[in-house]
Every structure is written in C-alpha cells, then in structure tokens.
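S.K.: Structure in structure tokens, see below.
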Amino acid sequence: MADIINGKAFAARVREKVARQVARLKADFGCTPGLAVVLVGDDAASGIYVRNKVKQTEEAGMRSFAHRLPIDTDEATLLALVRQLNDDKDVHGILVQLPLPPQIDEASVISAIDPAKDVDGFHLLNVGLLNTGGAGLVPCTPLGCLMLLQDRLGDLSGLDAVVVGRSNIVGKPMASLLLAANCTVTIAHSRTRDLPALCRRADIVIAAVGRPQMIKGDWIKPGATVIDVGINRIPAPEKGEGKTRLVGDVDFDDAKEAAGAITPVPGGVGPMTIAVLLSNTVRAMCLSKGIDHAALVD
Ligand code: GUN
C-alpha cells in the first residue's frame, strides 16, 4: 500500500511561508506584493478557481486585484487591460485565466504580459529561460509537482521519469523541470506505443492527460512515485441520481497497491497550484526590485 502524499497539508505550509515572506517584505522594504487575476466569461469551474485565488492571496497578506470581463469581450479590450496591469506599480503578478473564449487569441494575450509579471510562466521568454537553465518564472502546477517529489524523494538525480501528456501548461514544463533536476525524462502522449510498458519502467510517473482513471495499477513499477495532475468529473450513481465526483488520470484504488507514494484527487496536486502562484508573485516582486528571494525567510 502506497503512502498517500498530502498535497493539501504541504500547500498550507507553502502558503504559511509565503505569508512570512510577505510580512518581511512589508516590514523591511515597505512594499506589498500584488496579484491581478483576469477572468473572461462566467465558466463555473474557472469562477471557483478565481474566488479561491483571491481569498488565498488576501490570506497571505498580499493585494488582490480581480477583473471579471464578459464572455463577448474582444481581444483589443483584453490586451488594453493587460497593458494597464503591466504599467500598474501595485501589480507584481498577472494571471489571465485560461481557456479564453474563441474570439481571443491566447498566444497574443500571453505575449502581451510583461514577462517580469508573468506568474504563470507561459510567456515565451520564461519558457525559453526554463529550457536553458535561466532564472525565469516557472509554471505553477509543474513546479508544485516538483516540490512534492523533492519532499518525498530528496535528490531526483538519475531517476527515470515518464510524463504522460504534452500540454504547454503541464506536460512540457514538467519535463523541463525534471530534466533540470537530472532525471532521465520521457514524454508520452496519445501516439505513444505501449504506454503501459513505458510507465512500468519509471521511478516517477506524472499523469497529465485529462483522461479519467486511464493509468492502471499494473502500469506502475512497485515502489514508484505517482503524481496525478488530472481533475476529471465523472458520474457517481452510488452517491445518488445525477451526482458526480472528482477523479484523477490515475486509477487511484488500483495504483495505490503498487506505488510507493501517490497523490490523491482531490487533495494532491490541486492545492499546490495556488500556493505556488502566491510564491511566484512574491518572487516576481523580489526579481523586479533586486531583493534576494531565497534569503527572505528560512
Ligand atoms: N487554467 C487551468 N490551469 C491554469 C493555470 O495554471 N493558469 C491559467 N492562467 N489558467 C489555467
């Protein structure tokens, strides 16, 4: 039976550390980190994420600026808001919630964000820095996964890692981070041949495909560490008519018998994303003001 990795508790510790850093920045430098979150449209799930981001930003002692725009907002209007936030001295981090409605080109919006305020790490400059060993801003979810892995395993050098999924938000940056941590990394995707055999060789499996319970227990090498990034809502007739429940990309009940450690869904990777977002905002402010982020608090 695997150890269950408690992402919720780990994320709470990260947020406490961020709050101590914010208090130090206020006391020693007289400045308060600020995070702007932009939501276009009224998608229910995105609305919940944005509310949680605002709440946790304020709980960490930071300033939060939420901008909610209607679903029919045009690209020029969103770009004008992004430029206004780029110029706002109280804003140190900017997050535009994805996906955007079809009339808006995501790449144009991401490239309009000041790379120094790009707390999502999606701007091409930050993507380039991540892939060349530079000190840019790193996407929140993969960085949260890396923190959970290092907390569990310590040094990752030489370990075989398989990342299932090749998205720009998770799969590709996750692979870059694992490579930088000296893992031997394979990125698998929908065209990969014999995915079960590939996963079975891995010391670390990262599941980020968006397919409910796809990765089975007999795909997991005994003792491997499994990080499940998936959040899928499936019918749960056992809870009553029309009810649903959240599951990951890993068949948790099956995989926990083989794995050495595994993240649950919910309560695994999910809570880490916002905690890292807050940490990235503090880091963005430190980078822009020449403050040593690593030396801020222990
Ligand atoms: N939508 C789902 N995940 C993310 C994320 O990490 N950042 C942004 N901006 N949008 C998302």
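Just so you know, all these numbers are worked out from the coordinates, no wet-lab data involved. Remember, predicted model here, so these are calculated numbers, not experimental data. Glycine gets a Cβ as well: all are built from the backbone with ideal geometry, and neighbour counts include every protein chain shown.
S.K.: Here are some residues: A80, A44. Which one is within 16 Å of the ligand (Cβ to nearest atom) and surrounded by fewer than 21 Cβ atoms within 10 Å (Cβ to Cβ)?
M.R.: A44
S.K.: Quick check: is even one residue across segment 19-30 buried (at least 16 other Cβ atoms within 10 Å of the Cβ) and touching an Asp or Glu at 6+ places or on another chain (Cβ under 7 Å)?
M.R.: The answer is no, given that none of the residues of segment 19-30 is buried (at least 16 other Cβ atoms within 10 Å of the Cβ) and touching an Asp or Glu at 6+ places or on another chain (Cβ under 7 Å).
S.K.: Also: Collect the residues in segment 92-113 that are within 15 Å of the ligand (Cβ to nearest atom), part of a loop (DSSP other than H, G, I, E, B) and surrounded by 14 or more Cβ atoms within 10 Å (Cβ to Cβ), keeping them in residue-number order.
M.R.: Matches in segment 92-113: Q97, L98, L100, P101, I104, I113.
Matching residues to (1) under 26 Å from K26 (Cα atoms); (2) in contact with a strand residue (DSSP E or B) (Cβ under 7 Å, 6 or more places away or on another chain):
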position: L78; (1), (2): no, yes
position: H92; (1), (2): yes, yes
position: L100; (1), (2): no, yes
position: S111; (1), (2): no, no
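S.K.: Tell me, which residue of segment 141-161 that is touching a Cys at 6+ places or on another chain (Cβ under 8 Å) and more than 21 Å from G270 (Cβ to Cβ) is farthest from the ligand (Cβ to nearest atom)?
M.R.: G158
S.K.: Another one. Report the residue count in segment 241-275 for those that are among the small types (G, A, S), touching a residue at least 40 places away in the same chain (Cβ under 8 Å) and in a loop (DSSP other than H, G, I, E, B).
M.R.: Looking only at that region, the number is 6.
S.K.: Checking E238 against (1) surrounded by 18 or more Cβ atoms within 10 Å (Cβ to Cβ); (2) assigned to a helix (DSSP H, G or I), which test does it fail?
M.R.: (1)
S.K.: For segment 115-140: of the residues being in a loop (DSSP other than H, G, I, E, B) and away from the ligand (no atom under 15 Å from the Cβ), which is surrounded by the most Cβ atoms within 10 Å (Cβ to Cβ)?
M.R.: So the residue we want is G136.
S.K.: To continue, here is another question. Test L130 against the stated conditions and say whether it is in contact with a helix residue (DSSP H, G or I) (Cβ under 7 Å, 6 or more places away or on another chain) and within 22 Å of S64 (Cβ to Cβ).
M.R.: In short, no.
S.K.: Would you please name the residue that is surrounded by the fewest Cβ atoms within 10 Å (Cβ to Cβ), looking only at residues in segment 171-189 that are within 16 Å of the ligand (Cβ to nearest atom) and farther than 15 Å from I204 by Cα?
M.R.: K172
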